[in-house]
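Beneath this line is the structure, given in structure tokens, with notes to follow.
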Amino acid sequence: MRLIIIGGGNMGGAILLALVKSKTIPPNDIMLIESDEEKRQKLSTVTGCNSQAEIDEAVRSYDQVMLAVKPQSSTAVMELLAQWVLPGQVVISVMAGISIKTMREVLGQPKMVRVMPNIPTLISEGMSVFFASEEVGIKEREGIKTLFDSCGSCLEAKNEDAIDAATAISGSGPGYLFYFAEQMVSSANSFGFTDDEAQKLVQQTIRGATLLWESQKVTPETLRQQVSSPGGTTLAALNHFQSKNVGESIKEGIQQAYLRAKELSS
Ligand SMILES: NC(=O)c1ccc[n+]([C@@H]2O[C@H](COP(=O)([O-])OP(=O)(O)OC[C@H]3O[C@@H](n4cnc5c(N)ncnc54)[C@H](OP(=O)(O)O)[C@@H]3O)[C@@H](O)[C@H]2O)c1
């Protein structure tokens, strides 16, 4: 597979680094198109991929074209791309809120894929959800899955609406966990732990709990019950959370994220 990435910013750069690090695509088969010279040089030097500043006929010699520019630049970039893209090429967009219908109107392209990655892609631990239009074949879908599995893990959605739902869960999810971590760090500080100590305590707790969850292959509910002895400390905190409807509040917040994703979609 030969891939063009348009936009080597936070997300495009992270995906490029993950693909090369995992040897999913040889650097020679990747072209980065990035208008900012400093970013372009840095990424092409580190990864060994081909690079150039502008979208031109070079697009035609690649199988897949990934759009990783900001949504506000998307129309201008797609109008440029429309001059070169070929009907057999797969266009993959990681741009939040830009629907396949909108992309198709500008690009006139049948094979379209929308992906919602998240920020841990920066360390090849991202969670990506993708939806492919029906024109994208099975082999091409497998290729997309391999591509985003190399950035962490990846799931194929059955409809485009699931991209907004994934935005509310995995896309925005790191922000929710950072918020929870913030409250734990602040509590640790109030007990007298230094900032460094507090962050270490919370980081390792979250990491250990996640790894344990993965290794045990049970639901979080089962694990929560296992660690909540009757009359114990964990249960004291969990009972308090429940009395304040924290669980409901989290679900309502996630619903707000979903509605906002829908509102921002065009
Ligand atoms: N960051 C995240 O966590 C995240 C998560 C999920 C989805 N996304 C999606 O990923 C996309 C990119 O986000 P980002 O945070 O990576 O943005 P970013 O850091 O601004 O990267 C976009 C890059 O594209 C370049 N660019 C703009 N127009 C171009 C053109 N015509 N040709 C070549 N390069 C061009 C920009 O250069 P200049 O700086 O010179 O304009 C910039 O370096 C967004 O649509 C966003 O919705 C991001």
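The values are calculated or read from the model by the stated rules, or taken from the named source; none is laboratory data. What you see is a predicted model, and the numbers here were worked out from it, not measured in a lab. In this analysis, Cβ positions are derived from the backbone assuming ideal geometry, glycine residues included, and neighbour counts consider all displayed protein chains. Calculation scope for accessible area: heavy atoms of the full protein, side chains included, ligands and nucleic acids excluded. Shrake-Rupley method; radii C 1.70, N 1.55, O 1.52, S 1.80 Å.
Anything over 27 Å Cα to Cα? Flag those among Lys70/Lys111; Lys39/Lys262; Lys23/Lys251; Lys145/Lys262; Lys42/Lys70, in the order listed.
Over 27 Å apart, Cα to Cα: Lys39/Lys262; Lys23/Lys251.
Kindly work out what percent of the DSSP beta bridges joining two residues of the chain are antiparallel, to the nearest 5.
15
Under a Cβ-Cβ cut-off of 12 Å, what is the net charge of the residues other than Ala132 that fall near it, where Lys and Arg count +1 and Asp and Glu count -1?
Taking every Cβ under 12 Å from that of Ala132, the sum is 0.
Considering only protein heavy atoms, what per residue accessible area in square angstrom results for the stretch 173-264 with a 1.4 angstrom probe?
On a per-residue basis, 80 Å².
Report the charge-dipole magnitude of the chain in Debye, nearest 20, computed about the Cα centre from +1 at each Lys and Arg Cβ and -1 at each Asp and Glu Cβ.
Around 460 debye, computed over the chain.
Could you work out how far apart the two model spin labels at Ile250 and Glu263 are, taking each label as a point 7 Å from the Cα in the direction of the beta carbon, and quote it in nm?
Taking the simple label geometry, Ile250 and Glu263 are separated by 2.4 nm.
With angles folded into 0 to 90 degrees, how steeply does helix 246-264 sit against the dominant principal axis of the chain? Use alpha carbons for both and round to 10.
20
For Leu155 and Thr194, what does the FRET efficiency come to when R0 = 35 Å and r is the distance between their Cβ atoms, rounded to the nearest 0.05?
0.35
Just to confirm the number: angle between the C-alpha axis of helix 138-149 and the first principal axis of the chain, 0 to 90 degrees, nearest 10?
50
Report the local net charge at Ala96: Lys and Arg +1, Asp and Glu -1, summed over other residues whose C-beta lies under 10 Å from its C-beta.
Within the 10 Å Cβ shell, the charges total +1.
So what's the angle, to the nearest 10 degrees on a 0 to 90 scale, between helix 10-21 and the longest Cα principal axis of the chain?
The answer is roughly 80 degrees.
Give me the percent of the accessible area of the stretch 3-160 that comes from carbon and sulfur atoms, probe 1.4 Å, all protein chains in place.
Here it works out to 54 percent.
Quick one: work out the % antiparallel among DSSP beta bridges in the stretch 3-160, nearest 5.
Here the share of antiparallel DSSP bridges comes out near 15 percent.
Can you show me the helix-derived [θ] at 222 nm for the chain, built from DSSP H runs with n ≥ 4 at -39,500 (n - 2.57) apiece and divided by the number of residues, rounded to the nearest 500.
Computed mean residue ellipticity for the chain: -16000 deg cm²/dmol.
Hey, can you rank 77-90, 232-245 by average C-beta count inside 10 Å, highest first?
Per-residue mean Cβ counts within 10 Å order the peptides as 77-90, 232-245.
Please work out the Cα center distance from the stretch 145-201 to the stretch 82-130, rounded to the nearest Å.
23
Counting other Cβ atoms within 10 Å of each Cβ, which GluC sites (Glu not before Pro) in the stretch 199-266 have at most 12 and sit in a DSSP loop?
The qualifying sites: there are none.
Only Cα pairs within less than 10 Å get springs; with that Gaussian network setup on the chain, which residue of Phe130, Phe193, Phe148 has the largest fluctuation?
Phe193
What residues have an amide H closer than 5 Å to that of Ser99, excluding those fewer than 5 places away on the same chain, when H is modeled at 1.01 Å from N in the peptide plane?
Under 5 Å from the amide H of Ser99 lie the amide H atoms of Ser266, each far enough along the sequence or on another chain.
In the neighborhood of Ile6, defined by Cβ-to-Cβ distances under 12 Å, what is the net charge if each Lys or Arg adds +1 and each Asp or Glu adds -1?
Residues close to Ile6 contribute a combined charge of -1.
In the stretch 173-264, what percent of the accessible surface is made up of carbon and sulfur (1.4 Å probe, ligands and nucleic acids excluded)?
Using a 1.4 Å probe with all protein chains present, the stretch 173-264 comes out at 59 percent carbon and sulfur.
Given a 1.4 Å probe, how much area per residue of the stretch 3-160 is accessible, in Å²?
46
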